[in-house]
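The values are calculated or read from the model by the stated rules, or taken from the named source; none is laboratory data. On a predicted model such as this, the values are computed, not experimentally measured, just so you know. Methodologically, a virtual Cβ is constructed for each residue, glycine included, from the backbone with ideal geometry; neighbour enumeration extends over all protein chains shown. These accessible areas exclude ligands, DNA and RNA; they are computed on the full protein's heavy atoms, side chains included. Shrake-Rupley method; radii C 1.70, N 1.55, O 1.52, S 1.80 Å.
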Amino acid sequence: MENLDGNYYLHQDELEKVRLTLVSTGRIKPLNYTEDELREYIKKELKVYE
């Protein structure tokens, strides 16, 4: 969360509480990828070639 652009009005701790609530209620599923794995998945799905 340290990469937010600075245009937000919640403390990082509050954002984490919201995230945990959404995960614990099943509204969202936790992301189980590393950053590199996620980048590769997105490239593959969007058919991005370097």
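If the Cβ limit is 6 Å and pairs must be 6+ apart or interchain, which residue in the range 1-18 that is open to solvent by less than 80 Å² (accessible area, probe 1.4 Å) and part of a loop (DSSP other than H, G, I, E, B) pairs with which residue that is modelled with pLDDT of 90 or more and not small (G, A, S)?
none
Can you say whether E35 is charged (D, E, K, R), at pLDDT 85 or above and surrounded by 10 or more Cβ atoms within 10 Å (Cβ to Cβ), as far as the supplied structure shows?
no
Here is a check on your reading of the model: is L22 modelled with pLDDT of 85 or more and either surrounded by 11 or more Cβ atoms within 10 Å (Cβ to Cβ) or of a type in the set (D, E) (or both)?
It is true that L22 is modelled with pLDDT of 85 or more and either surrounded by 11 or more Cβ atoms within 10 Å (Cβ to Cβ) or of a type in the set (D, E) (or both).
Sort out which residues of the range 38-50 are open to solvent by 90 Å² or more (accessible area, probe 1.4 Å) and not in a helix (DSSP H, G or I), and write them in order of number.
K47, Y49, E50
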